[in-house]
Ligand SMILES: Nc1ncnc2c1ncn2[C@@H]1O[C@H](COP(=O)(O)OP(=O)(O)OP(=O)(O)O)[C@@H](O)[C@H]1O
């Protein structure tokens, strides 16, 4: 990258800094030490997460230094093109896969250093999971109530299992399916029962990978409603991977993943018109600036201006300008 301002300009990011005194350096180091760690107050924190798969000697970098923070109590969506790394991230957060490098913590559990025993406890108590394939979420020979009671049984919970299973099925509006086996329920009912199963042991986080992928849009709406109920009534933090624009449009925060990194984020806020008092939801898209200062420009912006290889950056009073490099020798090599 080049900067458009002169190297000696005081506003240039490339300008040489005056040498710091030893006292200044010590002070800077001390203030860095005292600063809270990245994501210290987040429930989920992924810090420069890397996952490399090697198949037949060929390396695929599914996650390439992904940063993500999710606060306790959030209901958020993850979107991205096929192959962008969403499922890889979800599998790591679910404790089913291990990252190659970086750091990932969920509810205080370090996903890189967990031993086999801790991992088992993590999967049973800390996270709940809902898969896309309705058949993968439930045991076919158990009724809905038995499916929901099973995780509690495996955890050793004695009394109160049936009452909790009934309460969850009622909350998610599938109490009528209590004594039915999965093949006696619709796809939407199966997914709502699957959410009850995932919530059985009161997990801190509920992860769902394309939970509405096999359903029509009105059924998908009911499933989303069930997630919202779980989030509002139980306070469970929920992360949903989805292709469904309808689902993505209903959460406060949608994070997009591109090429194994978080690239942009849409935040929706309710705003009240000062004159009419009318409420409306305003959505705004932000690009993500990672901890190393890297920014992914939207592909359509880059293509529209024919940007390639390098761009000109200029630091202005309150913004940074990015322009195509128009110098004649701009193409390397
Ligand atoms: N077990 C694996 N072995 C080798 N490569 C893998 C493996 N799992 C994922 N990948 C590769 O990692 C990249 C990210 O895959 P991932 O499944 O995470 O993407 P995704 O965003 O979930 O895609 P989709 O929406 O199609 O499910 C892809 O290039 C994929 O081929």
Task: Of the criteria (1) modelled with pLDDT under 90; (2) out of contact with any strand residue (DSSP E or B) (no Cβ under 8 Å at 6 or more places or on another chain); (3) assigned to a helix (DSSP H, G or I), which one residue 250 fails - done: (3)
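Just name the residue that is nearest to the ligand (Cβ to nearest atom) out of those in region 28-65 that are under 17 Å from residue 238 (Cα atoms) and either under 13 Å from the mean Cα position of the chain (by Cα) or touching a residue at least 60 places away in the same chain (Cβ under 8 Å) (or both).
Here is the first cut: in region 28-65, the ones under 17 Å from residue 238 (Cα atoms) are 41-46.
Then drop every residue that is not either under 13 Å from the mean Cα position of the chain (by Cα) or touching a residue at least 60 places away in the same chain (Cβ under 8 Å) (or both), which leaves 42-46.
Details: 42: 22, 43: 22, 44: 17, 45: 19, 46: 14 Å.
Filtering region 28-65 for residues that are under 17 Å from residue 238 (Cα atoms) and either under 13 Å from the mean Cα position of the chain (by Cα) or touching a residue at least 60 places away in the same chain (Cβ under 8 Å) (or both), the one nearest to the ligand (Cβ to nearest atom) comes out as 46.
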TODO: Tell me, please, whether a residue that is away from the ligand (no atom under 16 Å from the Cβ), without any contact (Cβ under 8 Å) to a residue 40 or more places away in the chain and either touching a strand residue (DSSP E or B) at 6+ places or on another chain (Cβ under 9 Å) or outside any helix (DSSP H, G or I) (or both) can be found in region 125-135.
DONE: no
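So, residue 28, is that one surrounded by 12 or more Cβ atoms within 10 Å (Cβ to Cβ) and modelled with pLDDT of 75 or more or not?
Numbers: surrounded by 12 or more Cβ atoms within 10 Å (Cβ to Cβ): no; modelled with pLDDT of 75 or more: yes.
It is false that residue 28 is surrounded by 12 or more Cβ atoms within 10 Å (Cβ to Cβ) and modelled with pLDDT of 75 or more.
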Open item on the list: So residue 83 ticks every box in (1) out of contact with any strand residue (DSSP E or B) (no Cβ under 6 Å at 6 or more places or on another chain); (2) surrounded by fewer than 22 Cβ atoms within 10 Å (Cβ to Cβ); (3) in contact (Cβ under 8 Å) with a residue 12 or more places away in the chain; (4) within 22 Å of residue 131 (Cα to Cα) but one. Which box is left unticked?
Closed with: (3)
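When you scan region 66-94, how many residues do you find that are assigned to a loop (DSSP other than H, G, I, E, B) and away from the ligand (no atom under 16 Å from the Cβ)? Show your work before the answer.
Keep residues of region 66-94 that are assigned to a loop (DSSP other than H, G, I, E, B), which gives 71-74, 80-85, 94.
If we keep only those that are away from the ligand (no atom under 16 Å from the Cβ) as well, we get 71-74.
Qualifying residue count for the region: 4.
Residues checked against (1) touching a residue at least 24 places away in the same chain (Cβ under 8 Å); (2) within 16 Å of the ligand (Cβ to nearest atom); (3) part of a strand (DSSP E or B); (4) farther than 26 Å from residue 92 by Cα:
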{"position": "190", "(1), (2), (3), (4)": "yes, no, no, no"}
{"position": "215", "(1), (2), (3), (4)": "yes, no, no, no"}
{"position": "233", "(1), (2), (3), (4)": "yes, no, no, yes"}
{"position": "254", "(1), (2), (3), (4)": "yes, yes, yes, no"}
{"position": "265", "(1), (2), (3), (4)": "no, no, yes, no"}
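Looking at 99, 140 in this structure, which one is over 17 Å from residue 38 (Cβ atoms), assigned to a loop (DSSP other than H, G, I, E, B) and in contact with a helix residue (DSSP H, G or I) (Cβ under 6 Å, 6 or more places away or on another chain)?
Values: 99 fails: over 17 Å from residue 38 (Cβ atoms).
Sole residue among the options that is over 17 Å from residue 38 (Cβ atoms), assigned to a loop (DSSP other than H, G, I, E, B) and in contact with a helix residue (DSSP H, G or I) (Cβ under 6 Å, 6 or more places away or on another chain): 140.
For (1) in contact with a helix residue (DSSP H, G or I) (Cβ under 6 Å, 6 or more places away or on another chain); (2) modelled with pLDDT of 90 or more; (3) surrounded by 10 or more Cβ atoms within 10 Å (Cβ to Cβ), each residue gets a yes or a no:
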site	(1), (2), (3)
11	no, no, yes
46	no, yes, yes
54	no, yes, no
110	no, yes, yes
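State which residue is nearest to the chain's Cα centre (by Cα) when the search covers only region 242-252 and only residues that are more than 15 Å from residue 209 (Cα to Cα) and either within 12 Å of the ligand (Cβ to nearest atom) or surrounded by fewer than 18 Cβ atoms within 10 Å (Cβ to Cβ) (or both). Show your work before the answer.
In the first step, residues of region 242-252 are kept if they are more than 15 Å from residue 209 (Cα to Cα); the result is 246, 249-252.
Now narrow it down to the ones that are either within 12 Å of the ligand (Cβ to nearest atom) or surrounded by fewer than 18 Cβ atoms within 10 Å (Cβ to Cβ) (or both): 246, 249, 252.
Working: 246: 17, 249: 15, 252: 13 Å.
That would be 252.
Report the residue count in region 197-213 for those that are touching a strand residue (DSSP E or B) at 6+ places or on another chain (Cβ under 7 Å) and within 16 Å of the ligand (Cβ to nearest atom). Show your work before the answer.
If we filter region 197-213 for residues that are touching a strand residue (DSSP E or B) at 6+ places or on another chain (Cβ under 7 Å), which is where we start, we get 198-199, 203-211.
Checking which are within 16 Å of the ligand (Cβ to nearest atom) leaves us with 207-211.
Qualifying residue count for the region: 5.
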Task: Unmet requirement for residue 226, which otherwise passes all of (1) over 14 Å from the mean Cα position of the chain (by Cα); (2) more than 29 Å from residue 195 (Cα to Cα) - done: (2)
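The values are calculated or read from the model by the stated rules, or taken from the named source; none is laboratory data. It should be emphasised that the depicted structure is a prediction, and the values quoted were computed from it without experimental measurement. For neighbour counting, all protein chains shown are included, and Cβ atoms are generated from backbone atoms with ideal geometry for every residue, glycine included.
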